[in-house]
Amino acid sequence: MRVLFATSNQNKIAEAKTSLGLLGYNVEQLLIDGNPPDFIEPQTDEIEIISKSKIQQSLAFISGTEFEGSSILVEDSGLFIEDLGDFPGVYSSYVEKTIGNKGIIKILDNISNRRAEYRAYSILYENGKYWSSLGICSGKISTEIRGFNGFGFDPIFIPDSGDGRTFGEMSQFEKDSKSHRGKSLRILCDELRRPSK
Ligand code: ITT
């Protein structure tokens, strides 16, 4: 089955191809005239609210196009650092582009509580119905940048379910088996495959 992922983030697409590919889905980026939807994000600190807004904007974006009636996937995600009151959270993309991993490590200098979690809220629209799911990956922020894989904060995020390596030091398959995105997409597919739905 084909799923059109409405996102401008190529890393999210690559990871969704891994997660959903294993479950038999064919993930493609939603592009109209070569462009992904340019989302206007509502002012909120809830990824769930942003994700709901993204799916509505995507459905408006495909209305009247050849993609009307297709299965559409959206996702909003971020890194939530406990001692910083869940910052950067919904501002993750902006913080990544501005202060980056070095900046986060600097902010956490001398802070002993380095607990953090990644969260992803995904919504799939198919045949007039919506399926949604939250995936959480708990861990901590490393004291130095390690690894070249993944994207964004991966070289400073150490998942609890691993062996001390950052996501930046893991393969995409390994990250997928533990990550917020992988979990969220697998829950979504389980829901979708339930016979009662
Ligand atoms: P779209 O809104 O177009 O999907 P985006 O990158 O702006 O793309 P978000 O608004 O959901 O997406 O922001 C997610 C940000 O959170 C992302 O840019 C990274 O900074 C961070 N992030 C989320 N998941 C991550 C992951 O698996 N690895 C590293 N950083 C991640």
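What follows is calculated from the coordinates using simple rules that are stated; it is not laboratory data. None of the values given here were measured: they were computed from a predicted structure. Because the Cβ atoms are built from the backbone with ideal geometry, glycine has one as well, and the counts that use them run over all protein chains shown.
Using only side-chain charges placed at the Cβ, +1 for Lys and Arg and -1 for Asp and Glu, the dipole size of the chain relative to its Cα centre rounds to 420 debye. Only lysines eight or more places from Lys12 in sequence, or on another chain, were considered; those with a Cα closer than 17 Å are Lys54, Lys97, Lys175, Lys178, Lys183. The modelled label-to-label distance between Phe151 and Gln29, using points 7 Å beyond Cα along the C-beta direction, is 0.8 nm.
The long axis of helix 47-62 is offset from the longest Cα principal axis of the chain by roughly 30 degrees.
Overall, region 1-105 carries a charge dipole of about 320 debye about its Cα centre when +1 sits on the Cβ of Lys and Arg and -1 on the Cβ of Asp and Glu, all other atoms neutral. With the convex hull drawn over the C-alpha atoms of the chain, the volume per residue is 120 Å³.
Taking R0 as 35 Å, what's the FRET efficiency between Ser8 and Glu82 from their Cβ-Cβ distance, rounded to 0.05? Once the sixth-power term is evaluated, E becomes 0.75. Across all directions, the average flat footprint of the convex hull enclosing the Cα atoms of region 1-54 is 4.3 nm².
Seen from all directions on average, region 130-174 presents a Cα convex hull projection of 3.8 nm².
State whether region 39-103 is rounded, prolate or oblate according to the following rule on the C-alpha gyration tensor (a ≥ b ≥ c being the square roots of its eigenvalues): a/c under 1.5 gives rounded; otherwise a/b larger than b/c gives prolate, and the remaining case gives oblate. Prolate, because a/c is 1.5 or more and a/b exceeds b/c. Each of Ile99 and Leu59 was given a label point 7 Å from its Cα along the Cα-to-Cβ line. The distance between the two points is 3.8 nm. With neighbour counts taken as other beta-carbon atoms within 10 Å, the residues Thr166, Thr65 rank, fewest first, as Thr65, Thr166. Among Tyr91, Tyr121, a tally of other beta-carbon atoms within 10 Å of each Cβ gives an order, fewest to most, of Tyr91, Tyr121.
Ordering Tyr125, Tyr118, Tyr94 by the number of other Cβ atoms within 10 Å of each residue's own Cβ, fewest first, gives Tyr94, Tyr125, Tyr118. Applying 1/(1 + (r/R0)^6) with R0 = 41 Å to the Cβ-Cβ distance of Glu144 and Glu46 gives a FRET efficiency near 0.80.
Using R0 = 25 Å, the C-beta based FRET efficiency linking Asp163 and Ser112 works out to 0.70. The GluC sites (Glu not before Pro) found in region 1-86 that occupy coil by DSSP, while having at most 12 further C-beta atoms within 10 Å, are Glu66, Glu68. Taking the dipole about the Cα centre of region 56-137, with the C-beta of Lys and Arg at +1 and of Asp and Glu at -1, give me whichever of Ile62, Gly135, Ile99 is farthest to the positive side. Of the listed residues, the answer is Ile99.
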